[in-house]
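Asks: Okay, handing you the structure first.
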Amino acid sequence: MGFYVLSYLCIMVFIGATGYLIYRQINLPLHVRWEIYPVQHEITARTAYGGSYMEKVNWWNDKYENSRINELKYMVPEILFLRGLWKENRSLWWFSFPLHFGLYLMIATFALLLLHACFTLGGFSVGVVSFLLSGLIVAAGWSGLILGSIGSLGMFYRRLTDRSLKDYSSFSDYFNIIFIGLFFISALATCLSGDSFLEGAKAYTFGLLTAGSSRNLYVPGQNVAGFLTIVSASLLVAYIPLTHMSHMFMKYFLYHNVKWDDVPNRRGGQMEAAIKNNLELKPTWQAKHINADGHKSWRDIASSAPKEMK
Amino acid sequence: MNIRLKPSDIAKASDCLCHIDPGELSLLPPPYEDFNQRALTPLKPEKINNIEASLDDTVAIGIPKPATKQEEEALVRQFLSGLKKLFEKENNWTFLQPLMLSMEHCAKCQTCSSACPVFEMSGGKDIYRPIFRAEVLRRIYRKYLKPGGKITAKLNGDIDLNWTTIARLAELSYRCTLCRRCATVCPIGVDNGLINHEIRKLFSQEMGIAPKEIHDKGSVQHLRVGSSTGMTPPAAKDSVEFIQEEMEEITGYKVSIPWDVEGADILLLHNAGEMLAWPENVGAFAIIFQAAGISWTMSSEAAGYDAVNYGLWYDDVQFSRVAVKHADIARKLKVKKIVIGECGHAHKALTVIADRLLTGDLNIPRESAMVTLEDIVMSGRLKFDPLKNNFPVTLHDPCNVVRAMGIVEPQRRILRKIAPQFREMTPHGVDNYCCGGGSGFAIMSGYNFAEWRNLVSSRKKFLQILKAFEGEPPDVPKYVCAPCSNCKGAIRDILHYYHAEERSGLHYGGLVELVVNALAGMKKPIIRFGEKPSWEAK
């Protein structure tokens with residue numbers, strides 16, 4: 001039962017930490033535009049070369065348009081295949097891609113395991129769907145573990161041997177990659193040591209849904225690899241949102257709220273109201289020319305002259 | 001010798017953290033091999049005795065050395081106070097979210113380094129990596145401002161904070177042109193260029209430290225007398241009067257530049273540097289607008305005849321003051337829109353960044369001159385004879401117009417129509433390389449900084465220009481079209497520094513000059529290769 005408690009706790013940490021990260025982002029004040037082109041939700045004709053709606057005469061008379069399809073056409077290969085890294089840093093891609101794709105396949109495997117457990121709970125543990133699910137679990141699981149193991153070992157090697165990576169790598173960078181590698185390799189070892197069809201994973205996931213109290217319960221820790229797999233997977237789930245590795249999902253904000261945030265401010269709109277609120281904030285910058293005293297607002301200061309010239 | 005430097009080395013005491021020795025810079029092709037062994041002229045000891053100059057072989061700011069240990073400690077405390085403010089919405093709502101995201105999610109993969117022309121051209125000097133200064137700031141922030149930071153620093157990357165660290169970091173923030181090429185290539189979306197921008201802000205807004213060319217003589221002078229050039233409103237009017245006369249003399253076209261026309265369709269904002277250094281640009285705009293029958297005006301109100309906004313590069317407060325001033329002038333003139341002339345940073349400042357600053361009747365529509373010009377050129381209102389521009393032309397993409405605004409094609413469509421020998425640089429468009437004069441570098445020339453710019457930050461652009469004209473005989477005049485004042489300044493300087501007019505027949509200028517040069521019916525050409533402009537000859 002201790003393993004299940006650990007897993008539950010880790011999942012709770014993941015949800016709490018991720019929720020906090022997202023909550024913090026959506027509660028930050030509206031910032032100035034800092035987009036960078038190409039902005040991939042532009043219309044097709046312009047995404048081809050990185051153009052913007054500002055290329056049109058009197059652009060403010062037109063409705064602001066963006067294309068979700070174009071955004072997806074860019075983001076899907078970027079997220080799944082790390083297209084940017086392939087283009088700009090190919091030598092790192094050979095290890096980074098298997099690591100990331102391995103993690104995605106692990107997420108997919110877990111989703112399939114949950115689905116399988118739900119079917120089992122519903123009494124559909126035999127049949128075509130269950131058979132199909134089991135096949136998918138084996139395919140996604142094995143390929144994810146192999147790719148992830150290659151990727152994490154490769155990335156660890158690169159961090160150790162590439163001078164430019166090594167000079168910027170701290171203890172935590174090595175720890176992170178070893179941690180991920182430990183999970184992949186222990187899970188791979190578990191599969192190789194007599195659990196080719198991921199039956200242990202299926203049973204453990206089933207146990208997660210039933211608080212470890214139903215039939216088909218997996219008793220963890222039957223071997224060292226199994227023990228390590230459950231512990232490292234659980235801890236990794238909790239650990240990722242506490243580190244820069246949260247870029248796996250925080251990338252959404254980096255792209256949508258900064259890099260591609262090209263929404264223009266229109267008179268009388270919601271955005272203008274947010275700007276007006278920002279302009280009432282009271283800065284305390286100390287340089288003489290700012291002339292801030294904690295009482296004057298941004299609006300006051302922006303419409304005044306710098307102190308040096310008074 | 002290329003000495004390996006890690007972010008933590010910035011704190012180590014030494015006379016110079018990083019030297020560039022002869023032969024270390026990226027190689028230039030013939031006939032410029034004689035520059036390959038050139039290194040920066042050493043700084044004169046008597047000139048740098050009392051200033052901080054321990055980063056590399058040049059100085060951009062010239063921060064006075066603190067007199068006592070107590071003064072040093074006070075400056076360190078001030079730095080930390082400013083750093084804290086960067087993460088407070090009251091002080092930094094303008095960039096809080098972009099900064100937080102870029103501070104927290106870098107994977108240190110070094111993809112940004114390979115995209116940086118300064119790092120590449122320097123021969124791979126570690127301190128010029130985009131991540132170097134960003135990582136220094138991240139480590140200081142985590143260690144000195146995060147709870148338990150002094151313990152976690154051992155795990156996350158340690159750094160010592162002393163006056164040396166701070167003085168070098170300030171200087172280092174002026175070794176990046178803010179071209180943001182690094183941000184374009186980051187697979188995660190981290191913007192180490194933005195972090196550099198925030199470092200500059202911290203120093204300016206909290207400590208009053210900034211290069212005099214962009215603060216005292218730049219934004220402060222702009223707000224005080226009306227222009228960063230020092231031109232007062234009467235002087236601006238005099239300059240324009242002179243330009244009108246010169247245009248008639250040069251081209252045979254009588255032009256009249258309108259001032260303060262209330263209710264005009266367009267308020268045209270020029271970089272006032274054009275009036276002094278490239279008056280033909282101001283004149284060419286006037287010819288095009290007049291010939292096309294455009295309703296337009298210039299403003300003679302202080303700051304209204306100078307589109308620059310140096311605050312964009314280093315100080316949000318100075319930025320806001322200038323942007324509000326520009327918008328207010330347009331509001332008072334009741335114009336339909338502001339058109340920004342050939343000045344890249346002014347484009348981005350007023351059109352994009354100020355967009356979330358200007359509210360109500362200050363939110364006046366703003367448009368790039370590239371777009372306005374394309375509309376005129378393609379409308380059929382003017383007749384062209386492209387053969388008048390029958391010489392090799394290449395286009396430089398100003399980062400602030402192209403990468404920061406996505407205005408890529410209008411200027412190209414114009415060139416394809418009026419310049420039969422137009423060819424692209426490689427790469428171009430949003431993948432372009434900076435001219436090396438971005439973020440204020442083009443106007444910074446104290447100590448030996450201009451030489452550093454010519455040798456290091458503009459080197460990639462020079463190589464690109466040479467490549468674009470590869471195969472053309474040296475005696476054929478070639479035109480580098482740079483529709484941005486700062487870029488033009490930087491390109492002017494590299495062509496001069498490398499004797500490129502003599503060796504390769506390279507000339508430079510703006511876009512409007514090419515448009516006017518191709519106008520059918522003009523009595524005389526505005527572009528005359530090899531001839532000194534009349535205002536220089538006089």
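Asks: Quick check: anything in the stretch A:291-302 within 7 Å of chain B (Cβ to nearest Cβ) and of a type in the set (Asp, Glu)?
Replies: Within the stretch A:291-302, not a single residue is within 7 Å of chain B (Cβ to nearest Cβ) and of a type in the set (Asp, Glu).
Asks: Would you say A:LEU153 is more than 14 Å from chain B (Cβ to nearest Cβ), in contact with a Ser or Thr (Cβ under 9 Å, 6 or more places away or on another chain) and assigned to a helix (DSSP H, G or I)?
Replies: So A:LEU153 does not fit the description; no.
Residue-wise test of (1) in contact with a strand residue (DSSP E or B) (Cβ under 6 Å, 6 or more places away or on another chain); (2) farther than 19 Å from B:PHE441 by Cα; (3) in contact (Cβ under 8 Å) with a residue 40 or more places away in the chain; (4) not assigned by TED's automatic domain parsing to the domain that holds B:PRO30.
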site	(1), (2), (3), (4)
B:VAL476	no, yes, yes, yes
B:CYS481	yes, yes, yes, yes
B:ASN486	no, no, yes, yes
B:HIS499	no, yes, no, yes
B:SER504	no, yes, yes, yes
B:TYR508	yes, no, no, yes
B:ALA518	yes, yes, yes, yes
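Asks: Name the pairs whose Cβ atoms lie under 8 Å apart, with the first residue in the stretch A:123-151 and assigned by TED's automatic domain parsing to the domain that holds A:PHE95, the second at pLDDT below 95 and among the hydroxyl-bearing types (Ser, Thr, Tyr), and 6 or more positions between them or separate chains?
Replies: Here the result reads A:PHE124/A:SER130; A:SER130/A:THR120; A:VAL138/A:SER196, each pair linking the stretch A:123-151 to a residue that is at pLDDT below 95 and among the hydroxyl-bearing types (Ser, Thr, Tyr).
Asks: So, restricting to helices (runs of 4 or more DSSP H) that lie completely within the stretch B:12-121, which ones have at least 1 residues that are away from chain A (no Cβ under 14 Å) and in contact (Cβ under 8 Å) with a residue 60 or more places away in the chain? Steps first, answer last, please.
Replies: Working: elements: B:45-48, B:69-86, B:89-92, B:96-104, B:111-115, B:117-121.
Hits in the stretch B:12-121: B:45-48, B:69-86, B:117-121.
Asks: Kindly evaluate B:LEU519 against the criterion of being among the aliphatic types (A, V, I, L, M), modelled with pLDDT of 95 or more, crowded, with 21+ Cβ neighbours inside 10 Å and within 26 Å of the chain's Cα centre (by Cα). Steps first, answer last, please.
Replies: Numbers: among the aliphatic types (A, V, I, L, M): yes; modelled with pLDDT of 95 or more: yes; crowded, with 21+ Cβ neighbours inside 10 Å: yes; within 26 Å of the chain's Cα centre (by Cα): no.
Considered against the rule, which asks whether it is among the aliphatic types (A, V, I, L, M), modelled with pLDDT of 95 or more, crowded, with 21+ Cβ neighbours inside 10 Å and within 26 Å of the chain's Cα centre (by Cα), B:LEU519 comes out as no.
Asks: For the stretch A:227-240, state whether one or more residues are more than 9 Å from chain B (Cβ to nearest Cβ), within 31 Å of the chain's Cα centre (by Cα), under 30 Å from B:GLY406 (Cβ atoms) and surrounded by fewer than 20 Cβ atoms within 10 Å (Cβ to Cβ).
Replies: We begin by selecting, within the stretch A:227-240, every residue more than 9 Å from chain B (Cβ to nearest Cβ); these are A:227-240.
Okay, now just the ones that are also within 31 Å of the chain's Cα centre (by Cα), so A:227-240.
The next check asks that each one be under 30 Å from B:GLY406 (Cβ atoms); those that pass are none.
Within the stretch A:227-240 (the criterion being more than 9 Å from chain B (Cβ to nearest Cβ), within 31 Å of the chain's Cα centre (by Cα), under 30 Å from B:GLY406 (Cβ atoms) and surrounded by fewer than 20 Cβ atoms within 10 Å (Cβ to Cβ)), the answer is no, since none of the residues qualifies.
Asks: Keeping to the stretch A:31-87, report how many residues are of a type in the set (S, T, N, Q), within 9 Å of chain B (Cβ to nearest Cβ) and crowded, with 18+ Cβ neighbours inside 10 Å.
Replies: Looking only at the stretch A:31-87, we keep the residues that are of a type in the set (S, T, N, Q), and these are A:40, A:44, A:47, A:52, A:58, A:61, A:66-67, A:70.
Narrowing further to those that are within 9 Å of chain B (Cβ to nearest Cβ): A:52, A:58, A:61.
In the following step, the residues that additionally are crowded, with 18+ Cβ neighbours inside 10 Å were identified as A:52.
So the answer is 1.
Asks: Report yes if B:ARG331 is outside any loop (DSSP other than H, G, I, E, B), more than 11 Å from chain A (Cβ to nearest Cβ) and either in contact (Cβ under 8 Å) with a residue 40 or more places away in the chain or under 23 Å from B:TYR310 (Cα atoms) (or both), otherwise no.
Replies: Working: outside any loop (DSSP other than H, G, I, E, B): yes; more than 11 Å from chain A (Cβ to nearest Cβ): yes; either in contact (Cβ under 8 Å) with a residue 40 or more places away in the chain or under 23 Å from B:TYR310 (Cα atoms) (or both): yes.
Spelling it out, B:ARG331 is indeed outside any loop (DSSP other than H, G, I, E, B), more than 11 Å from chain A (Cβ to nearest Cβ) and either in contact (Cβ under 8 Å) with a residue 40 or more places away in the chain or under 23 Å from B:TYR310 (Cα atoms) (or both).
Asks: Let me ask something else. Just to be sure before I move on: is A:SER91 surrounded by fewer than 16 Cβ atoms within 10 Å (Cβ to Cβ), more than 7 Å from chain B (Cβ to nearest Cβ), farther than 29 Å from A:LEU133 by Cα and touching a His at 6+ places or on another chain (Cβ under 9 Å) in the structure I sent?
Replies: Values: surrounded by fewer than 16 Cβ atoms within 10 Å (Cβ to Cβ): yes; more than 7 Å from chain B (Cβ to nearest Cβ): yes; farther than 29 Å from A:LEU133 by Cα: yes; touching a His at 6+ places or on another chain (Cβ under 9 Å): no.
Taking the combined requirement at face value, the residue does not satisfy it.
Asks: Residues that are within 7 Å of chain B (Cβ to nearest Cβ), farther than 30 Å from B:LYS325 by Cα and touching a helix residue (DSSP H, G or I) at 6+ places or on another chain (Cβ under 7 Å): does the stretch A:252-273 have at least one?
Replies: Scanning the stretch A:252-273, I find at least one residue that is within 7 Å of chain B (Cβ to nearest Cβ), farther than 30 Å from B:LYS325 by Cα and touching a helix residue (DSSP H, G or I) at 6+ places or on another chain (Cβ under 7 Å), so the answer is yes.
Asks: Would you check if A:SER213 is over 27 Å from the mean Cα position of the chain (by Cα), assigned by TED's automatic domain parsing to the domain that holds A:TRP94 and surrounded by fewer than 18 Cβ atoms within 10 Å (Cβ to Cβ)?
Replies: On the way: over 27 Å from the mean Cα position of the chain (by Cα): yes; assigned by TED's automatic domain parsing to the domain that holds A:TRP94: yes; surrounded by fewer than 18 Cβ atoms within 10 Å (Cβ to Cβ): yes.
Against the criterion (over 27 Å from the mean Cα position of the chain (by Cα), assigned by TED's automatic domain parsing to the domain that holds A:TRP94 and surrounded by fewer than 18 Cβ atoms within 10 Å (Cβ to Cβ)), A:SER213 qualifies.
Asks: Another question about this same structure. From the set of residues in the stretch B:163-187 that are farther than 22 Å from B:SER458 by Cβ and touching a Ser or Thr at 6+ places or on another chain (Cβ under 9 Å), which is farthest from the other protein chains (Cβ to nearest Cβ)?
Replies: So the residue we want is B:THR164.
Asks: Filter the stretch B:227-242 for residues that are under 18 Å from B:LYS325 (Cβ atoms) and touching a residue at least 60 places away in the same chain (Cβ under 8 Å); which is surrounded by the fewest Cβ atoms within 10 Å (Cβ to Cβ)?
Replies: Looking at the filtered set, the residue picked out is B:THR232.
Asks: Let me ask something else. Tally up the residues in the stretch A:1-30 that are touching a residue at least 12 places away in the same chain (Cβ under 8 Å) and within 11 Å of chain B (Cβ to nearest Cβ), please.
Replies: So the answer is 4.
The values are calculated or read from the model by the stated rules, or taken from the named source; none is laboratory data. Fair warning: this is a prediction, and the values are worked out from it, not measured in the lab. Cβ sites come from the backbone with ideal geometry, for glycine too, and all protein chains shown count toward neighbours.
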